[in-house]
1. Which shape class applies to the range 211-282: rounded if a/c is under 1.5, otherwise prolate when a/b exceeds b/c and oblate if not, where a ≥ b ≥ c are the square roots of the Cα gyration tensor eigenvalues?
2. Specify which labelled value, from (i) 23; (ii) 17; (iii) 10, agrees with percent of Cα pairs over 38 Å apart derived from the coordinates of the model shown.
3. For a test of the definition: using alpha carbon positions, the gyration tensor, and the 1.5 limit on a/c, classify the range 32-100 as rounded, prolate or oblate.
4. If you add up the charges near residue 245, with Lys and Arg at +1 and Asp and Glu at -1, over every other residue whose beta carbon is less than 13 angstrom from its beta carbon, what do you get?
5. Under the classification rounded if a/c is under 1.5, otherwise prolate if a/b is larger than b/c and oblate if not, where does the range 132-187 fall, given a ≥ b ≥ c as square roots of the Cα gyration tensor eigenvalues?
6. Gap in Å between the Cα centre of the range 224-303 and the Cα centre of the range 41-58?
7. About the Cα centre of the range 1-111, what is the dipole size in debye to 20, counting +1 per Lys and Arg Cβ and -1 per Asp and Glu Cβ, all else neutral?
8. Arrange 232, 216, 156 by Cβ neighbour counts within 10 Å, fewest through most, would you?
Amino acid sequence: MTNLTVITGHTAAGKTTRALALAKKQKAYIISVDSRQLYRGLDIVTGKDIPPSSPFTQLELWEGKTLGYYNIEGVDFWGYDLTDPTVTFSSYEFFTTVEQIITRWGDSRPLVLVGGSYLYLKHVLDGFHQTDEPDPIRRVELDLLTIEELQRISKEDYGEQFDKLNQSDRHNPRRLIRLIEKGDSVGEWQPGLLEQGFELYIYEGRYIQDRIKRQEQIMKRVLSRIEQGAVEETKKLLERYHHTAPGLNTLGYTQINNYLQGRCSKQQMIVDWVTAEIQYAKKQLTFMRKDPRITWQDVGSGI
């Protein structure tokens, strides 16, 4: 069994610092689980905080694809700069990337996962069913069916899911078609790390319980990123990519783009960015607290 440590929590809770400390102690390597930090060039706004002296090693995969890692304070740190900002990077693609890292370069060393993108993290840990895209021909066929026929298919093939629908949804053809398509698309089971010989050693959730302190810490983090050059970074990225690119259509970049386009003042941009981060932190905690395996650490007094 290979020891697996997981450090998660809401934004601005000191996850990376904690992960680095544990990785040094365990002689482990780290994989970042962050849906924004995986994009190349999105550094300051996403808070990668890579020391300038950290070397980057790039490795060849296949068909011109590459993968690399930083060495941060003596620890191999994977998961940053995986793809271009124009690419939509699903949790399945992240899952397969993690498998590549572990299979090719893990060497049975202890592993530390760190990040707040809970869906990515849950899939990596627990696995999931790979789903296929909806079949357009099947959609046309379903569109031609009566509500009674859609109900019959839903009950016979996906009864458990149908029983969870409220009365309104049971008589809504769009809702029934989505239920059937989702059921049709369920594919092969992809086992997570906990089914692949990894043993959960530490599963720590970091948070700031006091709401006011949490908001203050998030504001401090946003102001620090602006001082580091977040606006300038965004301006350069927008010279190369459209603002609707998946990597740029995210927290921070959206608010800064509004400012650069003259839609708001700099002060309003800061308020909007901080507000969005606070809402995101609340959403993160809502999902994470459903996982009983997480041991929570209130870090409000230590940041």
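1. Because a/c hits 1.5 or more and a/b exceeds b/c, the range 211-282 counts as prolate.
2. (i)
3. In terms of gyration-tensor shape, oblate.
4. +1
5. Taking the square roots of the gyration eigenvalues as a ≥ b ≥ c, the range 132-187 is oblate.
6. Between the Cα centres of the range 41-58 and the range 224-303 lies a distance of 17 Å.
7. It works out to roughly 460 debye.
8. 156, 232, 216
Each value in this text was obtained by applying a stated rule to the coordinates, not by laboratory testing. Just so you know, these numbers come straight off a predicted model, no measurement behind them. All Cβ positions, glycine included, derive from the backbone under ideal geometry; neighbour counts span all protein chains shown.
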